Amino acid sequence: MHNFVKKNVEINNKIIPIFDNETKFNKEILLKYKSENCTNENEFKIILQKAGIIKFNELSELISLQGQNSKKFQSNNAVFFKLKNQNKIVC
């Protein structure tokens, strides 16, 4: 789990400055985006580009790395994803 978190933080620390410097992108386009409508990385890059993100290539690659990191964690820790929510906590 430590490696997953460490890698995720490293990737996030690269993504955040991109968004901080992208001041003129169209948030509405990104909010309308649904991951199930995007079948590959090129389509995702097009969505980022249409939204006006200048560093769309770099951002797409970083987000792809995040996805790969999550899939690796899930495959290495399948027991977490097989647990049933038997003990519900009510706040």
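Structural remarks
- For the set K6/K72; K45/K72; K7/K71, the pairs lying more than 20 angstrom apart at their alpha carbons are K45/K72.
- Which of N8, L31, I46, positive extreme of dipole for the chain (C-beta unit charges): N8
- Heavy atoms of the protein chains alone define the surface here; on that basis the chain has 82 Å² accessible area per residue at 1.4 Å probe size.
- The structure-derived value of mean projected area of the Cα convex hull in nm² appears in the list [x] 8.2; [y] 6.2; [z] 5.8 under the label [x].
- With θ taken as phi - 60° and the Karplus curve 6.51 cos²θ - 1.76 cosθ + 1.60 applied, the whole-hertz 3J(HN,Hα) list for segment 17-34 is x, 4, 5, 4, 8, 8, 8, 10, 7, 8, 5, 4, 4, 5, 5, 7, 5, 10 Hz, x standing for glycine and proline.
The values are calculated or read from the model by the stated rules, or taken from the named source; none is laboratory data. Values in this document were obtained by computation on a predicted structure and should not be read as measured data. Ideal geometry is used to build each Cβ from the backbone, glycine not excepted, and the neighbour counts take in all protein chains shown. To get the accessible areas, we keep the full protein, side chains included, count just its heavy atoms, and leave off ligands, DNA and RNA. Shrake-Rupley method; radii C 1.70, N 1.55, O 1.52, S 1.80 Å.
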